[in-house]
Amino acid sequence: MNPANQTLRWTMRDVEALPDNEWIRYEIIDGELYVTRAPHHRHQYTVGRIFALLDAWSRQTGLGEPSILPGLIFSDSDYVAPDVAWLSYGRLRHLQDEVGHFRGAPELVVEVLSPGKANEDRDRLAKLKLYSRQGVQEYWIVDPVLQQVELYRREQAQLVRFATLLPTDELTSPVLPGFRCTVAEVFTSRAESYNTGS
């Protein structure tokens, strides 16, 4: 085999050898390395809102808990850190390793889109395929610019698009019994009312 035709497949060991940098996130999907920079404030605020809504519901029900940027290790060549994941307590105990990573699929994974085609393709194509293959039950792709949420739910062993929700729509999930909020609540910022003087 001609070495020039071989594609480099990244592994967790390769990533662990890279220099630590708090402003960069490394992920591997099917042996391909993805590098992303620290996201915009609006992205992080949206991640925080989603976590807060899921955490409030989780505290009320006692069914599980959300996590921000958890390390999901599916294999040596599939390692990602989604923006938010939610795990039931049963799954959390079963999947969490000694250093706090999860070695398997959470019930719910949420990715908040960052600007740029490469970022969108990673979340809408590569990660959708990975999460589908690994058994994630529900996947939310959250778009802070369009203020919408794309819902993917598991049907016949794969994630399929269920709905695209707009700000006035209600966000619910069979994975989270009784959870509900409007999509607008995911994006609402107190700074918007502060800036308008209300």
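The values are calculated or read from the model by the stated rules, or taken from the named source; none is laboratory data. Since the structure is predicted, the reported quantities are computational estimates derived from the model, not experimental observations. Glycine also receives a Cβ, built like all others from the backbone with ideal geometry; neighbour counts cover every protein chain displayed. With ligands, DNA and RNA removed, areas are computed over all heavy atoms of the protein, side chains included. Shrake-Rupley method; radii C 1.70, N 1.55, O 1.52, S 1.80 Å.
Would a scan of region 37-54 turn up a residue that is over 13 Å from PHE179 (Cα atoms) and part of a strand (DSSP E or B)? Yes: region 37-54 contains one or more residues that are over 13 Å from PHE179 (Cα atoms) and part of a strand (DSSP E or B).
For residues in region 19-34 being hydrophobic (A, V, I, L, M, F, W, C) and out of contact with any Phe, Trp or Tyr (no Cβ under 6 Å at 6 or more places or on another chain), which is most open to solvent (accessible area, probe 1.4 Å)? It would help to see each step written out before you state the result.
Looking only at region 19-34, we keep the residues that are hydrophobic (A, V, I, L, M, F, W, C), and these are 23-24, 28-29, 33.
Now drop any that are not out of contact with any Phe, Trp or Tyr (no Cβ under 6 Å at 6 or more places or on another chain), which leaves 23-24, 29.
Details: TRP23: 161, ILE24: 56, ILE29: 12 Å².
Looking at residues that are hydrophobic (A, V, I, L, M, F, W, C) and out of contact with any Phe, Trp or Tyr (no Cβ under 6 Å at 6 or more places or on another chain), I get TRP23.
One residue stands out in region 48-107 among those that are in contact with a strand residue (DSSP E or B) (Cβ under 8 Å, 6 or more places away or on another chain) and charged (D, E, K, R): the one that is farthest from LEU159 (Cα to Cα), namely ASP97. Under the condition of being of a type in the set (Val, Ile, Thr) and assigned to a loop (DSSP other than H, G, I, E, B), the residues counted in region 157-178 number 2. If you check GLN44, GLN60 for being within 22 Å of ILE141 (Cβ to Cβ) and open to solvent by 60 Å² or more (accessible area, probe 1.4 Å), only one passes: GLN44.
Just a yes or no: is a residue in region 11-24 modelled with pLDDT of 90 or more and more than 22 Å from ASP143 (Cα to Cα)? Break it down stepwise before answering.
Of region 11-24, the ones modelled with pLDDT of 90 or more are 11.
Filter once more, keeping what is more than 22 Å from ASP143 (Cα to Cα): 11.
Checked region 11-24: at least one residue is modelled with pLDDT of 90 or more and more than 22 Å from ASP143 (Cα to Cα).
Checked against the criterion of being at positive phi, out of contact with any Ser or Thr (no Cβ under 9 Å at 6 or more places or on another chain) and without any contact (Cβ under 8 Å) to a residue 40 or more places away in the chain, region 140-153 has no qualifying residue. Taken over region 108-128, residues that are over 15 Å from LEU69 (Cα atoms) and touching a residue at least 12 places away in the same chain (Cβ under 8 Å) amount to 6.
The residue that is nearest to GLU107 (Cα to Cα), among those in region 63-84 that are of a type in the set (D, E, K, R) and either crowded, with 20+ Cβ neighbours inside 10 Å or touching a Leu at 6+ places or on another chain (Cβ under 9 Å) (or both), is GLU65.
Scanning region 114-132 for residues that are under 13 Å from the mean Cα position of the chain (by Cα), at pLDDT below 95 and within 18 Å of GLY48 (Cα to Cα) turns up at least one hit.
Taken over region 112-169, the criterion of being open to solvent by less than 50 Å² (accessible area, probe 1.4 Å), more than 23 Å from ILE73 (Cβ to Cβ) and of a type in the set (Lys, Arg) is satisfied by ARG153 alone.
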